[in-house]
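Working notes for the structure below.
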Amino acid sequence: MREGEFRNPSGCAIAALISREGRRFNASSIIESMIPMHDRSNGLGGGFAGYGIYPKYKDFYAFHLFYDDKHTKREVEEYLKERYEIVLSEEIPTRKIPEITDEPIIWRYFLAPLRSVLRSAQLDEKEFTARVVMHINTHMKGAYVFSSGKNMGAFKAVGFPEDVGRFYLLDEYEGYAWTSHGRYPTNTPGWWGGSHPFALLDYSVVHNGEISSYDANCRFIEMFGYQCTLQTDTEVMAYIADFLLRREGLSPKEMAEIIAAPFWSTIEKKSEADKARLTYFRTIYSSLLMTGPFSIVVGYEGGLMALNDRLKLRSMVAAEKDDMVYIASEETAIRIMEPHVDRIWSPAGGEPVIVNVKEGAY
C-alpha cells in the first residue's frame, strides 16, 4: 500500500525527560512511561532519541541507516567513503522479539568529513553533512538515514514504543535527555522510516497532531535545499527546526514564536519591543506558521523544547523534580517516570517549555 492511501484517526503519544545537570541515565524510565499511553498508538510506529549516548565518539557524526538489501548498503558505503573518514561501521545491536518483525538491515557509522572535500565544497561540516543526508534519502533507493547528529541517536521501528525500546536494547544506553513517541498514523501507513523521531543533524522531533499547513511549510523549506519525500508533517518539522535553529541562528524561544505565532490581536497588546519582533517574524517567516492541532518536543544538543499549538488542541503536561524535567502527553506517563514531582503543570498553547543543560555538562 502506498503512502497516503488510507487514513486513521489521530492519536500518538509523546514523552521526554532531561537532566539540567547533564547527568546521564538509561532509557528504562522513558520506555516504561509509554506503557500507560499504549492505546494512543496502534503498533504502526514507535521510537526514541537519546542525547549524550555516544561519549566515546562524541566528535563524530553518528549515522543510523535502514537498508533494504546488501547491494544498496555497499553503494552507500562507497558514497560515504569518498566524503568521510569512517571511524566505525557496525550493525546496531538489537534483540529478537516477536513483537518486532520484518526489520531491514539496521546499521550505524561514526564519521568525520574529509577536510579536502569540505574545502572543495566550500561548506562547513554541518551544512555538508545535511546535504549528504538529503542526497542519500532522496537519490539512493533502498537506503534511509534516520539519524545523523553528534553524540545522539534516533532509534525507531514499526511496533509499539515499549517494544521498540526493548528491541534496540535502549536500557543499555545512557544519555542526559531522551524523547519518545508512540505512533497512530493520520495520513500514512506505518513503515520503519516513517516512525518518529524525525531527525536531521542534532535536531529531532516527536509530534502528536496533524499540521494542516504542511503544503505551505513544505514549499517554503524546499526553497532552501530541503526535500520532503515522506509525505508526513513531522518530517518538515525536523527540517524547519534545522533551518531556524542552525541556519538562521535563532533561539528555541524564537522558533516557537514563529511556528506557533501569536494571533495579531495578541501581538497588538504586547510591548513595543515584543510587538516589533513578533511582527517581523510573522512577516518574514509567515509560511512557517504551523496551523492545526499539535504538541511537539524538539531535541537539540544540550536541550529540549516542548510546544503546543497556540489553541492547545493536543494535550501536553510538564513536571519538575530536582534537576529533572519531564514532558508527556498524559500525567500518568510522568508519574511512571517520577511519582513524587515537585511541580506539575499544563503549558498554555503557544508557550514553549525550554530546558537547557548546564553549560559544559554534556
Q: Take peptides 67-79, 160-172 and line them up by average Cβ neighbours within 10 Å, highest first, as a rough protection proxy.
A: 160-172, 67-79
Q) Measuring from centroid to centroid over Cα atoms, what is the spacing of the range 313-362 and the range 19-43 in Å? A) 12
Q. Taking the Cα centre of each part, how many Å lie between the range 240-309 and the range 50-98?
A. 33
Q | Computed label-point distance, nm, for sites residue 118 and residue 348 using a 7 Å Cα→Cβ extension | A | 4.4
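If you count, for each residue, the other Cβ atoms within 10 Å and average over each peptide, how do 253-259, 126-132 line up from highest to lowest? Write down the numbers at each step before the final one.
Details: 253-259: 20.9, 126-132: 19.3.
The densest-packed peptide leads the list: 253-259, 126-132.
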Q | 21 Å Cα-Cα reach of residue 70 towards lysines, excluding residues that sit fewer than 8 places from it in its own chain | A | 81, 96, 141, 156
Q.
Can you give the FRET efficiency to the nearest 0.05 for residue 279 and residue 69, using r as the Cβ-Cβ distance and R₀ = 51 Å?
A. 0.45
Q.
Over all directions, how big on average is the projection of the convex hull of the alpha-carbon atoms in the chain, in square nanometres?
A. 17.7
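Using a probe radius of 1.4 Å on heavy atoms only, what accessible surface per residue do you get for the range 155-259? Whole Å² is fine. Intermediate results must be reported in sequence, preceding the final value.
Details: 2830 Å² over 105 residues.
Roughly 27 Å² per residue, with all protein chains present.
Work out the length of the dipole vector of the range 207-362 about its Cα centre, built from +1 on the beta-carbon of each Lys and Arg and -1 on the beta-carbon of each Asp and Glu, and round it to the nearest 20 debye. Could you put the intermediate results ahead of the total?
Values: 16 positive and 23 negative charges, 80 e Å.
Rounded to the nearest 20 debye, it is 380 debye.
Quick one: which of 312/358; 58/358; 253/275; 56/150; 150/358 span more than 22 angstrom between C-alpha atoms?
Values: 312/358 29 Å; 58/358 17 Å; 253/275 15 Å; 56/150 11 Å; 150/358 18 Å.
Distance filter (> 22 Å) returns 312/358.
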Q) How large is the dipole of the chain about the Cα centre if only Lys and Arg carry +1 and Asp and Glu carry -1, each at its Cβ, rounded to the nearest 20 debye? A) 480
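Is the C-alpha gyration tensor of the range 91-248 telling us rounded, prolate or oblate? Criteria: a/c under 1.5 is rounded; beyond that, a/b larger than b/c is prolate, otherwise oblate. Before the final figure, lay out the partial values.
Working: a/c = 1.80, a/b = 1.24, b/c = 1.46.
Oblate.
Which order, highest average first, do 204-217, 308-321, 102-115 follow once you tally other Cβ atoms within 10 Å for each residue and take the mean per peptide? If you can, show how the numbers build up before the last one.
On the way: 204-217: 22.6, 308-321: 19.2, 102-115: 17.1.
Descending packing order for the listed peptides: 204-217, 308-321, 102-115.
Apply the a/c threshold of 1.5 to the C-alpha gyration tensor of the range 67-130 and tell me whether it is rounded, prolate or oblate. Kindly include the intermediate steps, with their values, before the conclusion.
Working: a/c = 2.96, a/b = 2.48, b/c = 1.19.
Prolate, because a/c is 1.5 or more and a/b exceeds b/c.
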(Q) Between residue 268 and residue 138, what is the label-point separation in nm under the 7 Å Cα-to-beta-carbon projection? (A) 4.1
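Keeping the other protein chains in place, figure out the carbon and sulfur percent of the accessible area of the chain, with a 1.4 Å probe. Walk me through the numbers before you get to the answer.
Values: 7240 of 14940 Å².
In the chain, the share of accessible area belonging to carbon and sulfur is 48 percent.
The values are calculated or read from the model by the stated rules, or taken from the named source; none is laboratory data. Note that the coordinates shown come from a computational prediction; the quantities given were computed from them, not determined experimentally. Cβ atoms come from the backbone with ideal geometry, glycine included; neighbour counts cover every protein chain shown. Quick note on the areas: whole protein, heavy atoms, side chains included, nothing else; ligands and nucleic acids left out. Shrake-Rupley method; radii C 1.70, N 1.55, O 1.52, S 1.80 Å.
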